[in-house]
Structures are given as C-alpha cells and as structure tokens.
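See below for the structure under consideration.
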Amino acid sequence: MGKNQFGEEIRLFMKEFLIVTIFTFLISVFVCLNVQAQIELKTKTQITIGETLLIQSKSLNEEREIRVFLPRNYANSNKKYPVIYTLDGEGTGSVTANTAEFMTSYSAIPQMPEVIVVAVVNANRNRDMPIPEGYGKAGEGKFLNFLADELIPAIEKKYRTEPLRILLGHSQGGLFAHYAMTARPEVFQWFLSIDAPLGGFAAVKPLLEKVKTIVKTPNYQGRLVSIENLYGWRNEWQSLKDSAPKSFYAEQFVIKDETHETMAYKGIYEGLKRLFHDYAPNIIKDTKVIQTLPMFEERYKTISAAYGYPVEIPQQLLLN
C-alpha cells in the first residue's frame, strides 16, 4: 500500500470519526434537553396565609374588606386563640401575621401564643382615624362602633377566639387606639401604638388625660406599649406610669434608626415582644435556676390571670 493511499484512508477515517462524534454529541444534547423539558414540579400542599372577607357595615354605611390570617395549625386543632386587630390592615396585616408566626414557631421556645390576626383595610382613613385636630369632627365614633358592634361579633362567631383582643395601630392608627381605649374601654384589652401623634399636640392633650384616668382604675390589667420615633407620648409617658396601678403594664420603646414610615415593620416586632414579655421564661439567662413543673404551673397560672383566659404551658418548653 502506497503512502498516498494510506494517508487518504486516514483522512477518510478521521472525517467519519469526526462526523460520528458530532452526531453523537448532538443526540446527547437533544436527549438531555428533552429530559429536562419533561421534569415537572409537583405541588405538595398549598400555602394559605389568609382569607379576605367582606362585611356590610350599618355604622359606616359601606362594605368593608377584612383580611384574616389564621395560625398554621388552626384547621387541625380545637384551640381558641387571642385576636390582634390591625388598623391600616393592607400594610400591617401580613407583617403582624408573619411576626407572630416567627415568634411562635422559629425559636425553640415560643415567645408568644399563637394568634388570629384580623386586618382592617382602609376605605377612608382620615374619616375613620383622624389627625389630632380632627377628633370630634370626623367619624372616629362610627368607626369604633363598626369594630365593636359589627366586626368583632362577626369574627368571634366565625372563628375560635379567646377573650383577649389587642388593637394595633401605626401613626393615626395608634392615635385611634388611644381613643378606643378611652371611648369604649371594654372592647380591647391590650394596645400596641406605633409612633402615634400624641405628645406635643394640644388637640389630643385631653385624650392623654383620659388614658391616665382609665388606667387609674383599681386593678386595671390592660397593657399599653408605645413604640416611638418622631411622635409618641414622649415626656408625657412618665406621668402615665406614675398614675397607673401595678396591675397595668406599660412600656415605651424608641426606635432611632428608622423614619416615621419605615419604623412600622420593626415596631410591630418590638411591640409584640413587649406585650408578651412574660410569656416565655428565659431559660438561657436563668441557667442557674432548676426549672420544675410546679414552677411552670404557677407561672402560667399567673399569666392566665393577666391574659384573661387559660394559657397552657407551651409543649416546646416542657420538652426543653
């Protein structure tokens, strides 16, 4: 065989080999793409974080949107739950629900009990929750009647609730929370006010005095947490503390690294942490104390009296 013939056969062989290699590569790519195209994500369970309700209000003569966020295990239990009513609900509702979920399930020991969150979506904010100069001239009374006489009965009929009701409001919502505390003190037991326009506003000075009068009631067991930045009670706070009985819990907390608008997110967490400051023992801090079942039973007996319903010892606490 001559060298030219041998070389030609080599070139033909290499050409065929190259063609086969490229063809095989293309087939492999096609097969891989086809397999990937056939991969499907299967839905295991739906994540449902809440539901929207519509309620026709006679007090307000309008239909109102309400968003309800239930605890994760609500459908699989017979438990009853405290209820947090959030004003400006389109913004505060999901934040409050997420905060409660974090505080009840993320850490080894829950920092608060599971709650139902009822978010009241705005229709006419300045009418329902006026600026300081607007009280007595707008519709705050009708809005409170809507909450007390229409919304709360509907919620307590539809869902399993405990008698502990908490009202949460930011800015004008926080101001309205103070109004509700004085106008119909039986409706809500605890209040979380976030940067409410209070101290320094002459128009609401009488409202602050009414709050002081309310908490002077012997054995008043309400709770008020004021998270502040631009507004709040400011220097008026100490006079509130001085006039309150020991059974009333009040705490003021200042957030310095946020604005009036951006502080709401952090304020909800800081506020709930303080409202439920006594719920979980600090077993890390109290390492020198031997925790016993009788101690827990006595602790949650005291908490039950403060919360107004039988509070169970968290199972996670017993396990730890």
**OP:** Step through the residues of segment 127-139 one at a time and calculate ³J(HN,Hα) from phi using the Karplus curve (6.51 cos²θ - 1.76 cosθ + 1.60, θ = phi - 60°), rounding each to whole Hz and writing x for Gly and Pro.
**Re:** 6, 7, 10, x, 5, x, 6, x, 5, x, 10, 10, x
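Expressed as a whole percentage, what fraction of the accessible surface of the chain belongs to carbon and sulfur atoms when a 1.4 Å probe is rolled over the protein heavy atoms? Walk me through the numbers on the way to the answer.
Values: 10290 of 18250 Å².
Using a 1.4 Å probe with all protein chains present, the chain comes out at 56 percent carbon and sulfur.
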**OP:** Decide, for segment 168-254, between rounded, prolate and oblate: order the square roots of the alpha carbon gyration tensor eigenvalues as a ≥ b ≥ c, take rounded if a/c falls under 1.5, and otherwise choose prolate if a/b is larger than b/c, else oblate.
**Re:** rounded
Original post:
For segment 173-230 and segment 56-81, what is the separation of their C-alpha centers, rounded to whole Å?
Top reply: 25
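Is there a quick way to get the dipole size of segment 196-320? I mean about its Cα centre, with the Cβ of Lys and Arg at +1 and of Asp and Glu at -1; what is the value in debye to the nearest 20?
Numbers: 16 positive and 14 negative charges, 62 e Å.
Here the size comes out at about 300 debye.
Given a Förster radius of 35 Å and the C-beta distance between Tyr309 and Arg127 as r, what FRET efficiency does 1/(1 + (r/R0)^6) yield to the nearest 0.05?
Working: r = 34 Å, r/R0 = 0.97.
According to the calculation, E is roughly 0.55.
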Original post:
So how strong a dipole does segment 135-235 carry about its Cα centre when Lys and Arg Cβ are +1 and Asp and Glu Cβ are -1, to the nearest 20 debye?
Top reply: 140
**OP:** Count charges around Lys273 for me, please; just the other residues with Cβ under 13 Å from its Cβ, Lys/Arg as +1, Asp/Glu as -1.
**Re:** 0
Subject >> Residues of segment 160-180 with amide N under 11 Å of a point placed 7 Å along Cα→Cβ from Tyr74 >> reply: 160-161
Original post:
Short version: ³J(HN,Hα) in whole Hz for each residue of segment 230-240, in order, from phi by Karplus 6.51 cos²θ - 1.76 cosθ + 1.60 (θ = phi - 60°), x for Gly and Pro, what are they?
Top reply: 8, 10, x, 6, 6, 6, 6, 4, 4, 5, 5
**OP:** Keeping to pairs on different chains or 8 or more places apart, tell me how many lysine pairs in segment 218-320 have Cα atoms under 21 Å apart.
**Re:** 7
Original post:
Which one of Tyr249, Met181, Tyr220 has its Cα pushed farthest toward the positive end of the charge dipole of segment 158-279, where Lys and Arg give +1 and Asp and Glu give -1 at the Cβ?
Top reply: Tyr220
Subject >> Rg in Å to one decimal, and Dmax rounded to a whole Å, for segment 231-320 via C-alpha atoms >> reply: 16.7, 46
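Under a point-charge model restricted to the Cβ atoms of Lys and Arg (+1) and Asp and Glu (-1), what is the dipole moment magnitude of the chain relative to its Cα centre, in debye to the nearest 20?
Details: 36 positive and 35 negative charges, 100 e Å.
Dipole size: approximately 480 debye.
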Original post:
Among the lysines, which have Cα under 21 Å from the Cα of Lys158 when same-chain residues fewer than 8 positions away are ignored?
Top reply: Lys58, Lys79, Lys80
Original post:
Along the charge dipole of segment 217-317, which of Leu240, Thr302, Leu272 sits closest to the positive end, that is, farthest toward it, with unit charges on the beta carbon of Lys, Arg, Asp and Glu (+1, +1, -1, -1)?
Top reply: Thr302
Subject >> Computed Rg/Rh of segment 123-222, alpha carbon atoms with Kirkwood Rh >> reply: 0.97
Original post:
Ranked from the most accessible area to the least, with a 1.4 Å probe and all protein chains present, what is the order of Glu63, Glu209?
Top reply: Glu63, Glu209
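Applying 1/(1 + (r/R0)^6) with R0 = 30 Å to the Cβ-Cβ distance of Lys44 and Arg160, what FRET efficiency is obtained, to the nearest 0.05?
Details: r = 27 Å, r/R0 = 0.89.
So, using R0 = 30 Å, E works out to roughly 0.65.
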Original post:
According to a simple spin-label model (label point 7 Å from Cα along Cα-to-Cβ), what is the distance in nm between Glu62 and Leu319?
Top reply: 4.7
Subject >> Within a Gaussian network of the chain (alpha carbon springs, distance under 10 Å), most fluctuating of Thr213, Thr48, Thr86 >> reply: Thr48
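The values are calculated or read from the model by the stated rules, or taken from the named source; none is laboratory data. Just so it is clear, the model here is predicted, and its values are computed rather than measured. Virtual Cβ from ideal backbone geometry, glycine too; neighbours counted across all protein chains shown. When the accessible area is computed, the model is the full protein with side chains, heavy atoms only, and any ligands, DNA or RNA have been set aside. Shrake-Rupley method; radii C 1.70, N 1.55, O 1.52, S 1.80 Å.
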